[in-house]
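Novice: Okay, here's the structure, questions in a sec.
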Amino acid sequence: MATYPEDDDDRNFALATAPRDEPSWQDAIRGPDREKWLAARDVEVNMLDSLNTFDVVPKPPGVNIVPTHYVCKKKRDAQGDIDKFKVRFVAGGHMQIYGVDYQETFAPVTKIASHRINLAYAAQHGWATHQLDIKSAYLNAHLKETIYIRLPPGYLKDGQDGKVGKLNKGLYGLKQAGRAWYLELRGVMVDKLGFKVCDADHGVFIKHDAKNNQHIIVAVATDDMDIIANMDEAARHFKHDISQHFGITDLGETHYLLGFEIKRDKTARTVSINQGTYIDTIAARFNLTSAKPIYTPLDPGTVLSKDQCPKTPREFDRMRDIPYRPALGAAWYAATVSRPDISFVLSTLSQFAENPGEVHWRALQCVIVYLKTTRNLWLIMGGDPKGADAFTDSDWASQAHRHSISGYLFRVGSGAVTWSSKKQSIIALSSTEAEYIAQTSAAKEALWLRSYWKEITDTKSLAPTKLHSNNQGAIALAKSAAYHSRTKHIDIRYHFIRDTIERQVVSLTYCPTEDMVADILTKAVPRQQFEKLRNLMGVRAA
């Protein structure tokens, strides 16, 4: 059984500490790092001027003036050491008026799964991986709307009292800034540099130049660019080209991206990602650094239900200041990036986010302590130079709500690149039916993954993706419509799996339960089996 972190008192269950890496501007310039923050502020103001972000103009009558402020952040490297002090001049987008100050706001960013697939493919085939950062990305984007802002303190010169800024470019904090930047970048990548937007993920740009034997994939997450190229020369050439349009910081070979560390074994053709530093941060944030080690995220037989949610005034009072949602969100980022092994318990705990009880909070603490205990595990991908294989499983009606849990996991080579653990939307009437529904969810993911794989590899056709299931009945249902009388009550959308098999998109294969990797995405299992399946996911010591 897991040992719960001990109470500090009857009411306080390890409340979150205030983040010290993001002080307010007032606190920053009053603290010991005042000079560093002021220097960072000067860098930001100089960037605003050099990019002609706004013009200083008299305030027009009757216009909305968007407030602004400085946002401070200490940027850290993969070891958790301070890399630099960063100050952003940010607009108060909450004060913008729809239809006046902004219209559309959606901006694509690369899916985390796409980043993993890119890295795994590059490792398998010996491609180069590079990264760069666009300096003050949003300040490069031209705006369609006319927006007036309050200028930063100390910016106005003598005789300019009462004047405001009329924006020419985007500004961090504006509701449309992300979209404006994406459109600006897309224009350069497509119209100037000859890339195409990936249909399967609009945050990815692809260029296959067969004539010069150069193949480049660029995955964009706001101002971060992860570059995959079939040779170093192609990556360096792209960096030079993009620098003609935007200021960049060349970060060399990819080693630390979006908060996770990356390392490659070029001999084994594998790539590994780890979030140890991030895990240390969230453990410290929720005062769990010194908790006793925990070796599984959830004990088998643990009951988590809505019956454990607060019902009395005293129970509500005890939970009022508990940082359940922040802790849940922090843990989910680890599950989303490199730790599929905690997906099931977090999916379960997310059901209680509106009204968590003490049992739910303690279970969430255990997840964070488990992450801390296993912080040195890496997600290792690549190796075997083949496409993806997949595992799908379901746990039938084991939860109090009686909805089954679907789980799937796709591997490229040795490790997982995409995975899911979700409650099924309908109540299945048998374990076979639950598995059949889970297979359909996996088939839909296979369709996306295959589409993305074709684009990045410039491949026209692929062999069927091998989908492993441990339920012979569900395999038989998926392969044949002969069982119509037994399945006519199932919603038509769940018969999608049959179509994908007929079109040779996936091929269903039996997998023994003891080797079913997706099993730990559907329920809690004993430690020995958990560690075996976690290893098969690719989550292990590097």
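The values are calculated or read from the model by the stated rules, or taken from the named source; none is laboratory data. None of these values were measured; they are calculated from a predicted model. Cβ: placed from backbone, ideal geometry, glycine included. Neighbour counts: every protein chain shown.
Novice: Please indicate, with yes or no, whether at least one residue in the range 124-134 is in a loop (DSSP other than H, G, I, E, B), buried (at least 16 other Cβ atoms within 10 Å of the Cβ) and free of Cβ contacts under 8 Å to residues at least 40 places away in the same chain. Spell out the reasoning first.
Specialist: Kept after step one, since they are in a loop (DSSP other than H, G, I, E, B), are these residues of the range 124-134: 126-127.
Narrowing further to those that are buried (at least 16 other Cβ atoms within 10 Å of the Cβ): 127.
Filter once more, so that each one left must be free of Cβ contacts under 8 Å to residues at least 40 places away in the same chain: none.
Scanning the range 124-134 turns up no residue that is in a loop (DSSP other than H, G, I, E, B), buried (at least 16 other Cβ atoms within 10 Å of the Cβ) and free of Cβ contacts under 8 Å to residues at least 40 places away in the same chain.
Novice: Of everything in the range 135-159, what is in a strand (DSSP E or B) and surrounded by 15 or more Cβ atoms within 10 Å (Cβ to Cβ)? Give them in sequence order.
Specialist: Selection gives Tyr148, Ile149.
Novice: Identify, from the list Ala107, Ala39, the residue that is part of a loop (DSSP other than H, G, I, E, B) and at pLDDT 90 or above. Break it down stepwise before answering.
Specialist: Numbers: Ala39 fails: part of a loop (DSSP other than H, G, I, E, B).
Exactly one residue qualifies, and that residue is Ala107.
Novice: Just the residues that are surrounded by fewer than 18 Cβ atoms within 10 Å (Cβ to Cβ), in a loop (DSSP other than H, G, I, E, B) and not small (Gly, Ala, Ser), please, taken from the range 204-244.
Specialist: The answer is Lys211, Asn212, Asn213, Met231, Gln244.
Novice: Just checking, how many residues over the range 462-505 are at pLDDT 85 or above and either among the small types (Gly, Ala, Ser) or surrounded by 20 or more Cβ atoms within 10 Å (Cβ to Cβ) (or both)?
Specialist: Qualifying residue count for the region: 6.
Novice: Take Leu139 and tell me if it is closer than 24 Å to Leu251 by Cα and either touching a Pro at 6+ places or on another chain (Cβ under 7 Å) or at pLDDT 95 or above (or both).
Specialist: Values: closer than 24 Å to Leu251 by Cα: yes; either touching a Pro at 6+ places or on another chain (Cβ under 7 Å) or at pLDDT 95 or above (or both): no.
The answer is no for Leu139.
Novice: Still on this model: Restricting to the range 464-479, count the residues that are assigned to a loop (DSSP other than H, G, I, E, B) and more than 11 Å from Val506 (Cα to Cα). Reasoning before the result, please.
Specialist: First, pick out the residues of the range 464-479 that are assigned to a loop (DSSP other than H, G, I, E, B): 464, 470-471.
Restricting the remaining residues to those that are more than 11 Å from Val506 (Cα to Cα) gives 470-471.
Adding up the residues that qualify gives 2.
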